[in-house]
Amino acid sequence: MTAQQLKIRNNEIIAQFLNLKPCKIGKLEGFILDGSKLLPEELDFDCSWDMIMPVVEKIENIGHAIEICQNDVTIFEHDSENSLNELLHFNSVQSKLDAAYNAVLAFINWHNQQPK
């Protein structure tokens with residue numbers, strides 16, 4: 001899989017997690033974001049804080065905590081005693097944004113595998 005194909009696949013996973021409405025752009029599949037029709041490769045979750053923060057907020061809104069410190073991102077889950085337990089941890093030598101992107105992507109993949 002090429003880097004571009006991986007970005008498209010990852011963006012589709014994130015877009016579905018955010019419940020972005022799918023749409024057709026010509027013969028291609030895309031998503032509607034803030035009233036604009038975008039192809040998956042145009043969703044810049046991997047290089048824009050404005051794009052990744054709604055993902056972080058949704059993870060927090062469904063009951064998890066996220067700690068971002070320098071280039072480390074940790075996602076916690078609450079246990080039955082309301083204590084925090086580490087669920088995922090990512091460190092990136094590239095950037096804080098890269099760590100956040102990879103952490104939320106790993107979380108979504110984990111979340112999608114959980115029994116409903």
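Is it true that Cys23 is on the phi < 0 side of the Ramachandran plot, surrounded by 12 or more Cβ atoms within 10 Å (Cβ to Cβ) and in contact with a strand residue (DSSP E or B) (Cβ under 8 Å, 6 or more places away or on another chain)?
yes
Go through region 20-43 and give me each residue that's assigned to a loop (DSSP other than H, G, I, E, B), without any contact (Cβ under 8 Å) to a residue 24 or more places away in the chain and either closer than 15 Å to Val55 by Cα or not assigned by TED's automatic domain parsing to the domain that holds Lys7 (or both).
Leu20, Asp34
Can you tell me which residue within region 44-95, out of those that are more than 21 Å from Lys7 (Cα to Cα) and among the β-branched types (Val, Ile, Thr), is surrounded by the fewest Cβ atoms within 10 Å (Cβ to Cβ)?
Ile62
Among the numbered criteria (1) among the aliphatic types (A, V, I, L, M); (2) under 16 Å from the mean Cα position of the chain (by Cα); (3) in a loop (DSSP other than H, G, I, E, B), which one does Met1 miss?
Checking Met1 against (1) among the aliphatic types (A, V, I, L, M); (2) under 16 Å from the mean Cα position of the chain (by Cα); (3) in a loop (DSSP other than H, G, I, E, B), the one that fails is (2).
The values are calculated or read from the model by the stated rules, or taken from the named source; none is laboratory data. Owing to the predicted nature of the structure, the values given are computational and were not obtained by experimental measurement. So basically every Cβ, Gly included, is an ideal-geometry build from the backbone, and we count neighbours across all protein chains shown.
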